[in-house]
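Participant: Here's a structure for you.
The values are calculated or read from the model by the stated rules, or taken from the named source; none is laboratory data. Bear in mind the structure is a predicted one, so any value in this text is a computation, not a measurement. Cβ sites come from the backbone with ideal geometry, for glycine too, and all protein chains shown count toward neighbours. To get the accessible areas, we keep the full protein, side chains included, count just its heavy atoms, and leave off ligands, DNA and RNA. Shrake-Rupley method; radii C 1.70, N 1.55, O 1.52, S 1.80 Å.
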Amino acid sequence: METIKSVQQALRVLRHVYEHPQSTMSDIARANELSTSTAHRILATLEVAGFVSRDDDRGFTGVPVGQQRTIDDSIAHCVEVAQPHLRALGSVTAETVHIATLRGSLVEFVAAVESTKLVRVSSRVGLQVPAGAAAAGKMLLASLPQHEFDALEPTVAEALGSAAHPLQASLQSVIAQTRSLGFARNINETEDGIYALAVPIRRPVGPVLCSLTITAPTTRMPPLSHSKMTPVERSWLEELRRSARSIERALLH
């Protein structure tokens, strides 16, 4: 019954937006007898799905049928916007950088700028690896609402069987820690000799869609520990977060 109620609320909001373009969130909440938080959640979901758009004055308008954006549209937009920032991050760190997105229990790399060094991590674009082992995957899993992660956990755990090395702790613990820290690491977990550090890329509204990652050969890293970050890692984390913020400011959806 709760699901039916939520669907009915969303349909009422969508109808209102189509019939009353430029409505503000307060207008929509008041007209549909909803709390501000409920109206925000519904509008955020509809905007991410591409059914409504928001103008500079914060008013909402319905998107004409046939012009709605898909998740893949948003990923493609993120990749396009991120290109100069990927190149800049690659130049600063001298290592390969990736953008990745979650595909069920796997993480897929969708964009990369390779290091120019002879020994480097090559582009993983198009490759899918177990989300629970990859730094990008851990970050994206940690960005999910807890109930969504709980539903996905069995298949994520099953996919980990193909990872190079087992996790140092339980999957639940790893994701909880990642959520708390706001970043994730991969030390030889997807492949021997590979290190990765990842942060989320947040959209203007709605759930995290992509992650930004620096990847490097472990042979070029200082001695690594699962419990403590090195100065090099801390420096990279600062650069990652700066780049992610720059990408986020340029995203439209």
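Participant: Assign one of three labels to segment 44-195, namely rounded, prolate or oblate, based on the Cα gyration tensor with a ≥ b ≥ c the square roots of its eigenvalues; rounded applies when a/c is under 1.5, prolate when it is not and a/b is larger than b/c, and oblate otherwise.
Facilitator: oblate
Participant: What spacing in nm lies between the two simple spin-label points modelled at ALA31 and SER227, each 7 Å away from Cα in the Cβ direction?
Facilitator: Rounded to a tenth, the inter-label distance reads 5.9 nm.
Participant: A further question follows. Taking H placed 1.01 Å from N in the peptide plane, check which residues at least 5 places from SER23 or on another chain put their amide H under 5 Å from its amide H.
Facilitator: Here PHE60 satisfy the definition.
Participant: Turning to a different aspect of this structure: Among the lysines, which fall within straight-line cross-link reach of LYS138, defined as a Cα-Cα distance under 25 Å, with same-chain neighbours fewer than 8 residues apart omitted?
Facilitator: Partners within reach: LYS228.
Participant: Sticking with this structure for a sec: For GLU153 and HIS165, calculate 0.36 nm times their separation in residues minus their Cα-Cα distance, and state this gained length in nm to one decimal.
Facilitator: Residue separation times 0.36 nm, minus the Cα-Cα distance, leaves 2.5 nm.
Participant: Residue separation times 0.36 nm, minus the C-alpha to C-alpha distance between ALA250 and GLN172: what's the value?
Facilitator: 24.8 nm
Participant: Here is a follow-up. Give the peptides 117-124, 198-205, 30-37, 240-247 in descending order of average Cβ contacts within 10 Å, highest first.
Facilitator: 198-205, 240-247, 117-124, 30-37
Participant: Here is a further query. Report the calculated FRET efficiency for GLU238 and THR38 (r = Cβ-Cβ distance, R0 = 41 Å), to the nearest 0.05.
Facilitator: FRET efficiency, GLU238 to THR38: 0.65.
Participant: Next question. As a check on your grasp of the helix formula, calculate [θ] at 222 nm for the chain: sum -39500 (n - 2.57) over DSSP H runs of n ≥ 4, divide by the residue count, round to the nearest 500.
Facilitator: -14500 deg cm²/dmol
Participant: Right, next: Can you classify segment 139-218 as rounded, prolate or oblate using the Cα gyration tensor, where a ≥ b ≥ c are the square roots of its eigenvalues, rounded means a/c under 1.5, and otherwise it's prolate if a/b beats b/c and oblate if not?
Facilitator: Because a/c hits 1.5 or more and a/b fails to exceed b/c, segment 139-218 counts as oblate.
Participant: Let me know the shape class of segment 171-253, please: from the alpha-carbon gyration tensor, a ≥ b ≥ c as square roots of the eigenvalues, rounded when a/c is under 1.5, otherwise prolate if a/b is greater than b/c, or oblate.
Facilitator: Verdict is prolate for segment 171-253.
Participant: Moving on. Quick one: 3J(HN,Hα) in Hz for segment 179-189, Karplus 6.51/-1.76/1.60 with θ = phi - 60°, rounded, Gly and Pro as x.
Facilitator: 4, 5, 7, x, 8, 9, 10, 9, 10, 6, 7
Participant: Rolling a 1.4 angstrom probe over the protein chains, ignoring ligands and nucleic acids, what is the accessible area of MET221 in square angstrom, nearest 10?
Facilitator: MET221 exposes around 20 Å² with every protein chain in place.
Participant: I need to check one value: relative contact order of segment 99-208, counting alpha carbon pairs closer than 8 Å and at least 6 residues apart, in percent.
Facilitator: 26
Participant: For the chain, what is the relative contact order in percent, using Cα pairs closer than 8 Å and at least 6 residues apart in sequence?
Facilitator: 17
Participant: How far is helix 231-250 tilted, in degrees, relative to the longest principal axis of the Cα atoms in the chain, given as a value from 0 to 90 rounded to the nearest 10?
Facilitator: Between the helix axis and the principal axis of the chain, the angle is about 30 degrees.
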